[in-house]
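Down below is the structure, laid out as structure tokens.
None of the figures in this text is laboratory data; all of them are computed from the coordinates on show. Keep in mind that this is a model prediction, so the values were computed, not measured. Every residue, glycine among them, receives a Cβ derived from its backbone with ideal geometry; neighbour counts consider all protein chains shown.
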DNA sequence: CTCTTGCATATCGAATTTGATATAATCGCT
DNA sequence: AGCGATTATATCAAATTCGATATGCAAGAG
């Protein structure tokens, strides 16, 4: 039953890009990645409702390509940037906390905001 | 009524270290700092219950001085490291989400874990 | 008082993350 | 099909963050 989770991780640059086998990741490393992916998903959904990647990039004083990578959960994007991006969409600490709390649960992706 | 909040921020390296006046920070920048401070507080409380800074540093594959800075909410510590440190104390995404969700509320510091 | 233990501060080269830029792919529309 | 707008991918130098090391400071034990 790890296959779904594993598939989600491998699709981004996480496995090949890091040259580490999924099964060799410690539980903490897996959780960290899942937190990033949860933030990335939430970010994309929030952003799509309000603006374009380029517009968010401007608010963030970053660039559109970096926003794209953030939303993809790319391995080169830090939690720091993900959180700043969330804030730039108007998210509150509560919103961000909720997004993180749910990380690692493969749950239904629909009821997300 | 900003004085309490402001005092909390100024005490760390946030104002002088960054050479930016507190009042010139955007709301998003303030929230980001408050999230870091909330994580830092939570980290210290969790860590103190379980181990020494040096022990946590080893689990983290980091160093005791960096853990100290993390717990102080030092400006040179990223959210990334704070989250990794939380995970290393055994925190779940839920725990981390809760810690972040209360950021910015000057609330009673006692009922924290 | 002296030792030890735990935490804080300073510095520094190495590694990671960043924004910028160029460019390609994709979608919606006519 | 052709076009404009949006998003994805690649590269790279600059900035930030990192771990390591050295050292200072405080509190408790003996």
Suppose the filter is touching a helix residue (DSSP H, G or I) at 6+ places or on another chain (Cβ under 8 Å) and more than 14 Å from DNA strand C (Cβ to nearest atom); does residue B:33 pass it? yes
Please determine whether any residue of segment A:101-109 is away from chain B (no Cβ under 14 Å) and touching a residue at least 60 places away in the same chain (Cβ under 8 Å). yes
Working carefully through the options A:84, A:66, find the one that is closer than 17 Å to residue A:37 by Cα and either surrounded by fewer than 15 Cβ atoms within 10 Å (Cβ to Cβ) or at the interface with chain B (Cβ under 10 Å from one of its Cβ atoms) (or both). A:84
Return yes when residue B:34 is within 16 Å of DNA strand D (Cβ to nearest atom), within 14 Å of chain A (Cβ to nearest Cβ) and without any contact (Cβ under 8 Å) to a residue 12 or more places away in the chain and no when it is not. no
Here the residues within segment A:38-73 that are within 8 Å of the chain's Cα centre (by Cα), free of Cβ contacts under 8 Å to residues at least 40 places away in the same chain and away from DNA strand C (no atom under 12 Å from the Cβ) are A:71
